[in-house]
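The values are calculated or read from the model by the stated rules, or taken from the named source; none is laboratory data. Quick caveat: nothing in here was measured; it's all calculated off a predicted structure. Here the Cβ positions follow ideal geometry from the backbone for every residue, glycine too, while neighbour counts run over all protein chains shown. Side chains included, ligands, DNA and RNA excluded: accessible areas come from the protein's heavy atoms. Shrake-Rupley method; radii C 1.70, N 1.55, O 1.52, S 1.80 Å.
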Amino acid sequence: MSFETISVVGLGYIGLPTAAMFASRKLKVIGVDVNQYAVDTINQGKIHIIEPDLDMLVHAAVTEGYLKAVTTPEPADAFLIAVPTPFKANRINKESIGGDVPEPDLKYIEAASKAIAPVLKKGDLVILESTSPVGATEQMAEWLAEARTDLTFPQSAGENADVNIAHCPERVLPGHVVRELVENDRVIGGISKRCSERSVELYKNFVAGDCVITNARTAEMAKLTENSYRDVQIAFANELSVICDKLDIDVWELISLANRHPRINILQPGPGVGGHCIAVDPWFIVSKTPEQAQLIHTARKVNDAKPEWVINKVKLAVANFLQANPTKTAVDVRISCFGLAFKPNIDDLRESPSLAIAQQIAKSHPSIVNFVEPNVAEISKNLSENAQLIQFEGAMHQTDIAVMLVDHAEFKNFKELPTEVVVVDTKGIWK
Ligand code: SAJ
């Protein structure tokens, strides 16, 4: 049976591009979100999130009548659930597992399952796309089965189930979502073989990459593994940067030398790991298997400790500056933080270690701190009471201590660093 109507539940960074992509293939798409503002914005053909090329896609999909947004689910042939999986407020805290471990909260998946259950019918396919701990898809299947005892589900009815269920994690890079949705391979984890096959049929509407079939638990773990692998690699680079600082070795030179080995590819150290995925997903493994996930847990701790280390470096730079300039006091020291986004060449300040560092510096410094972020036009007072956004051009003339936090293209291309400016460089571009 082919899919005529597709419902995407959760119209955020993954759900909305996915909904627009199906609609661009001239399938009828019903987007569902509890956020009335998001629904209204989308129905006007506009977007409420920042992602290149998505505005055009959504505008075309809505004006051509293939995409509409609603707050309450309507019947469809396939449901894709792309809701957040945040942490629970309370952490698991046991000495034996190395301290505090945040636990994923499946409340939005539960709410989405319960919201779509009344409109499910025989032949439907339900796909969980949200990054989830191992076992979440089976849990979702249970919630659906409890809500609809008149239908059969694959966990008990196997290949003959009325409703098919799979986990197909998203793996797209923010900033490149529209291209990567089409080009990336997809991991398809059905609860039964038929669930997987039907999911492949659905995704093949727009996915040019391979759709590789596995089971739901392996698909869940695959997504967590990808982001944990990157987190561990970055932790290695961050740990090297701290070791090299102690040993008076240039970590950037060291890494470029080591990377000349044919089987070595060390990532880049930085101010810490930000974003909504790499710093989050490893905890989904650690909280499930705290005794076993030693390396993954340690990597999280190494990366989470990096901002504090940078802040201490800035404090030391201020102390050294004052020692070298005995007529000045701390109020006279002009600090500028270069870059606030969570990674280069984007304007996304959410979950950014650079922003956290800049805020902390501004909080403790007795005079106004300059924030330099070429990708944003303004910063709200909520971000910091003691900071001002200044243009990059001319910023060095207002700076005694430059804290380099994000290697944006503008900063990388900058070659005229005044010799009197003291640099705390977390990205190795102004050495
Ligand atoms: N970072 C470093 N050093 C590096 C590379 C990155 O410090 O060498 C930092 C970045 O500055 C940033 C953080 O890591 O703060 C994460 O950035 P990222 O570019 O590694 O990843 P994200 O969070 O933008 O997207 C990741 C991607 N996962 C992988 O590359 C394994 C993406 O494919 C996933 O779809 C996405 O997470 C997600 O949604 O899970």
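See the values below:
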item	result
Restricting the stretch 21-39 to residues that are part of a loop (DSSP other than H, G, I, E, B) and charged (D, E, K, R), the residue that is most open to solvent (accessible area, probe 1.4 Å)	LYS26
Among the residues listed as LEU173, LEU181, the single one being at pLDDT below 95 and of a type in the set (A, V, I, L, M, F, W, C)	LEU173
Options ALA237, ALA258; residue that is more than 27 Å from the chain's Cα centre (by Cα) and within 16 Å of the ligand (Cβ to nearest atom)	ALA258
Any pair with Cβ under 7 angstrom, 6 or more apart, that starts in the stretch 403-431 at a residue that is open to solvent by 80 Å² or more (accessible area, probe 1.4 Å) and ends at one that is outside any loop (DSSP other than H, G, I, E, B)	LYS431/TRP252; LYS431/ASP425
Filter result (of a type outside the set (A, V, I, L, M, F, W, C), open to solvent by less than 90 Å² (accessible area, probe 1.4 Å) and farther than 23 Å from ALA341 by Cβ) within the stretch 50-67	GLY65, TYR66
Residue list for the stretch 213-225, filter: within 15 Å of the ligand (Cβ to nearest atom) and open to solvent by less than 60 Å² (accessible area, probe 1.4 Å)	ALA219, GLU220, ALA222, LYS223, LEU224
Residues of the stretch 90-122 satisfying the condition of being of a type outside the set (A, V, I, L, M, F, W, C), touching a residue at least 60 places away in the same chain (Cβ under 8 Å) and surrounded by 15 or more Cβ atoms within 10 Å (Cβ to Cβ)	GLY98, PRO102, GLU103, PRO104, TYR108
